[in-house]
Amino acid sequence: MPLRNVERTPAPVWNALVAGNERFINFDEDRPNQDAPRRRQLRDGQAPAAVVISCSDSRVPVEIIFDVGLGDLFVVRTAGEILDQAVFGSIEYAIESLGVPLVIVMGHESCGAVKATADALDGGDIPGGYQRVLIEKVAPSILEARAEGLSTITDFEKHHVVATVDQILSRSPEIHAKVETGEVGIVGVHYQLSDGRTVPVITRNVD
Ligand SMILES: [Zn+2]
């Protein structure tokens, strides 16, 4: 069912996005909600179906990957999908003010921020300027992953997604409360550049 027709609760929205991702994987996209009527309709407001926190990587264009269009997703992108106050404010705005029922955290294969952080932890260069904050924000996820015996960059990328979901739930009482009641769902995915698939690594309220 197209995203615009689904019930605005976590599981139906997630299922519609999974269906869109399948179309993208199979080069069978509908490219919905990208026409003139949709543009005019959106002058009066927005009701996106999900908020997505994704890496800024140019190979991870969120709307294309889920085969959706204008007004469908509220997207926050930072290198390494890191969290700060502005990101938390954006997620809470999407949930509280726009009534979004689903939060998606998207990491991906071959993530430069994760690789750079792993290299820095191994004694490599730490980038200067504001790039330093990226390393500082990703490092705890990698240290945690290593403590659990994980060792590959792919493992680190996936664990960083899980740790980011955990952080969202532990640091925002507003989001945590809505996930506890089932009103809001949360899914962490690892996007595979090679085949276009978004593989869930952690889910709440979408099964
Ligand atoms: Zn990345």
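Details
- In segment 1-119, counting only helices (runs of 4 or more DSSP H) that sit wholly within it, the ones holding 2 or more residues that are crowded, with 16+ Cβ neighbours inside 10 Å and not basic (K, R) span 10-25, 62-65, 85-96.
- From the list E29, E92, E96, the lone residue that is of a type in the set (D, E) and under 25 Å from L134 (Cβ atoms) is E92.
- Screening L150 against (1) in contact with an Asp or Glu (Cβ under 7 Å, 6 or more places away or on another chain); (2) outside any helix (DSSP H, G or I); (3) aliphatic (A, V, I, L, M) leaves a single unmet condition, (1).
- Matching entry among V201, V165, V206, V187 (being surrounded by 14 or more Cβ atoms within 10 Å (Cβ to Cβ), closer than 16 Å to V52 by Cβ and touching a His at 6+ places or on another chain (Cβ under 6 Å)): V201
- Failed condition for K137, given (1) basic (K, R); (2) over 14 Å from T164 (Cβ atoms); (3) crowded, with 21+ Cβ neighbours inside 10 Å: (2)
- Within segment 136-188, being of a type in the set (D, E) and under 18 Å from I82 (Cα atoms) holds for E136, E144, D155, E157, D166.
- Matching residues, segment 83-110, being hydrophobic (A, V, I, L, M, F, W, C) and either in contact with a strand residue (DSSP E or B) (Cβ under 8 Å, 6 or more places away or on another chain) or within 13 Å of I142 (Cα to Cα) (or both): L83, V87, I91, A94, I95, L98, V100, L102, V103, I104, V105, M106
- Enumeration of residues in segment 170-189 that are under 18 Å from E144 (Cα atoms) and touching a residue at least 24 places away in the same chain (Cβ under 8 Å): R171, G188
- Take the conditions (1) away from the ligand (no atom under 13 Å from the Cβ); (2) among the hydrophobic types (A, V, I, L, M, F, W, C); (3) over 30 Å from D67 (Cα atoms); (4) part of a helix (DSSP H, G or I); V165 misses just one of them, which is (3).
- Just one of the listed residues (I104, I65) is within 16 Å of the ligand (Cβ to nearest atom) and over 21 Å from D155 (Cα atoms), namely I65.
Values quoted throughout were computed directly from the atomic coordinates according to the rules given, and no laboratory measurement underlies them. Bear in mind the structure is a predicted one, so any value in this text is a computation, not a measurement. Ideal geometry is used to build each Cβ from the backbone, glycine not excepted, and the neighbour counts take in all protein chains shown.
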